[in-house]
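Input: a single structure, listed below in structure tokens.
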Amino acid sequence: MLASGDILLVSCYEPGFQPIALGSPAAFLRRAGYEPRCLDLAVEELGETALGHLSRARLIAISAPMHTALALGLHVARRVRALNADALICFFGMYATLNEKLLRAAPPDIGTDRGLADVVMGPECEDALVALADSLRDGRAAPTAPTALHRVAFLPPDRSGLPPLSKYARLLMNGQNHIAGHVEATRGCKHQCRHCPIPPVYKGRFFALPVEVVLQDVRQQVAAGARHVNFGDPDFLNSAKHALAVARAVHDQHPQVTFSFTAKVQHIIAHADLFPELARLGCVFVVSAIESLSNHVLEILDKGHTGDDVLTALAVVRGAGISLRPTMVAFTPWTSLSDYVALCAFVREHALEDEVDPVQLAIRLLVPPGSLLLRHPAMSPHLGALSEEGLSYTWMHPDPRMDQLCERVASLVEEAVRDNQPGAATFARIHQLAAASAGQPILTPATTDPTSSRPFPPPRLSESWFCCAQPTKSQLRSVSVTKSAS
């Protein structure tokens, strides 16, 4: 029989939020009669208490929904192999699927012929995790993990074993900070952007969660102090009708709660008429993956929008009184130095310094196993070997200045995040680096600053890192070096 603490669910990073990737399987496991323990190393120390949990658990399931999480999770698995040789280690989530071969291979330096993972599962695996726990309880061999995604009978996440919301990202708005919650209204995505890790796994499918399930999760987080809710869907507007129903229902029950979401540029434009109502319902900002302003790069990535469309989307969102927070893939094999300088100029010309996290200008294209880019002819001239450490195929830019600039900007941004430097100052330094690399004059501020009349910066979350960024040195230290217990 599995006792309390025999099942340990581990998260290493979920962009500053209380991890749904632990709360959802915890709900399924508890319904089945188990008592899983949750460990979130993004906010909990890997000290004596956590190491004790890792050394005693019989089943350790490590969440890998994104690149950063898996990169950190590999360090945790190494610790487990050294501490707890009998533990069954399961990696689950989207990046676990993409990197299954790596996870199952035995690392040459840990003294065992077992891989870092005994079992690998993709997303939508809640039922499969229960089946795995059943097999361990009954002394049976682990069942074969499902190879195809299927719709689960969704439950509201069980957050009772997670650290309090107060330990996670806050909404910074109007000079105040508010506890922020994090929910899902859909999973997966119907689009096939070539650089995105979702299409190789979901293959154009997405699943809508019942409105009442979403409301129950919002309700428990509001009861825990949340005054803002971030919808973590890859694209909230994949089903605009469902999105609007969810937003209306949340506002009806919690009119004081604000919210934010992510949506494609093309969806913003196609559903421009919805944004005034979304603003009335409490939307304060929208994240959108503009990725690049170069039509050549956008076409290779199959983003479905153009550089001009970005300006249209910006006007739609700002016209409704909502902030647009663009995300970018600033460095690709096809991004020229002039493209990068133009991206810097775009941030400055449209007064986006307070709406773009500086890390966005440091993001380098990741090409994980299974990426749709691996089949694109534009990728092959630049493609190198698969880096097990980097969890991505390597590539070199045809212009050496771009690879050098990427390294410098990444170092600068990590330093700025560590020292909590103002975003505008960080952007100024990035602009200087870009201009110097291109042999151009340093960009000067626009003569008219649209933000000069703002009493406060636009709303944002306090977490500035990003799911597709490489882990910081601080994040790596947190999972690879023992700290004293708090």
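The values are calculated or read from the model by the stated rules, or taken from the named source; none is laboratory data. Predicted, not measured: the structure shown is a model, and the values here were computed from it. Virtual Cβ from ideal backbone geometry, glycine too; neighbours counted across all protein chains shown. Remember, those area values only see protein heavy atoms, side chains included, never the ligands or the DNA or RNA. Shrake-Rupley method; radii C 1.70, N 1.55, O 1.52, S 1.80 Å.
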- Subset of region 376-391 that is of a type outside the set (A, V, I, L, M) and at pLDDT below 95 - its residue that is surrounded by the most Cβ atoms within 10 Å (Cβ to Cβ): Gly390
- Exception for Leu29 within (1) open to solvent by 10 Å² or more (accessible area, probe 1.4 Å); (2) in contact (Cβ under 8 Å) with a residue 12 or more places away in the chain falls at (1)
- From the option list Arg114, Arg104, Arg194, single residue qualifying as touching a Lys or Arg at 6+ places or on another chain (Cβ under 8 Å) and farther than 25 Å from Val250 by Cα is Arg114
- Item | Candidates Glu44, Glu35, filtered to the one that is touching a Pro at 6+ places or on another chain (Cβ under 7 Å), touching a residue at least 12 places away in the same chain (Cβ under 8 Å) and farther than 30 Å from Ser371 by Cα | Glu44
- Task: Only residues that are of a type in the set (Gly, Ala, Ser) and within 18 Å of Pro123 (Cβ to Cβ): list them for region 1-59, please.
- Result: Ser11, Ala21, Gly23, Ser24, Ala26, Ala27
- How about region 42-132: which helices (runs of 4 or more DSSP H) wholly inside it have at least 1 residues that are touching a helix residue (DSSP H, G or I) at 6+ places or on another chain (Cβ under 6 Å) and open to solvent by 40 Å² or more (accessible area, probe 1.4 Å)? 48-56, 67-83, 94-98
- Across region 283-302, the tally of residues that are farther than 13 Å from Ala263 by Cβ and either touching a residue at least 24 places away in the same chain (Cβ under 8 Å) or not polar (S, T, N, Q) (or both) stands at 12
- Unique match (being part of a helix (DSSP H, G or I), of a type in the set (Gly, Ala, Ser) and free of Cβ contacts under 8 Å to residues at least 60 places away in the same chain) among Ala410, Ala416: Ala416
- Query: If you go through region 308-328, how many residues are open to solvent by 10 Å² or more (accessible area, probe 1.4 Å), assigned to a helix (DSSP H, G or I) and among the β-branched types (Val, Ile, Thr)?
  - Reply: 2
- Message: Of all residues being touching a Leu at 6+ places or on another chain (Cβ under 6 Å) and in contact (Cβ under 8 Å) with a residue 40 or more places away in the chain in region 227-268, which is farthest from Val201 (Cα to Cα)? Just the residue, please.
- Response: His228
- Looking at (1) surrounded by 23 or more Cβ atoms within 10 Å (Cβ to Cβ); (2) outside any loop (DSSP other than H, G, I, E, B), which is the only condition Leu172 fails? (1)
- Item | Every pair of residues 6+ apart whose Cβ atoms lie under 6 Å, when the first sits in region 127-144 and is under 11 Å from Leu2 (Cβ atoms) and hydroxyl-bearing (Ser, Thr, Tyr) while the second is modelled with pLDDT under 95 and not in a helix (DSSP H, G or I) | Ser135/Ala142; Ser135/Pro143
- Item | So Glu355, is it among the charged types (D, E, K, R), open to solvent by 50 Å² or more (accessible area, probe 1.4 Å) and out of contact with any Phe, Trp or Tyr (no Cβ under 6 Å at 6 or more places or on another chain) | no
- Note on the structure: Condition set farther than 19 Å from Phe285 by Cβ and out of contact with any strand residue (DSSP E or B) (no Cβ under 9 Å at 6 or more places or on another chain), scope region 216-244, selection most open to solvent (accessible area, probe 1.4 Å): answer is Lys241
- Out of Leu373, Leu361, sole residue that is outside any strand (DSSP E or B) and either over 19 Å from Ser411 (Cβ atoms) or open to solvent by 10 Å² or more (accessible area, probe 1.4 Å) (or both): Leu373
- Message: Go through region 263-307 and report how many residues are part of a strand (DSSP E or B) and either farther than 24 Å from Cys344 by Cβ or open to solvent by 40 Å² or more (accessible area, probe 1.4 Å) (or both).
- Response: 2
- Item | Among residues of region 198-251, those that are more than 21 Å from the chain's Cα centre (by Cα), within 25 Å of Cys125 (Cβ to Cβ) and outside any helix (DSSP H, G or I), counted | 1
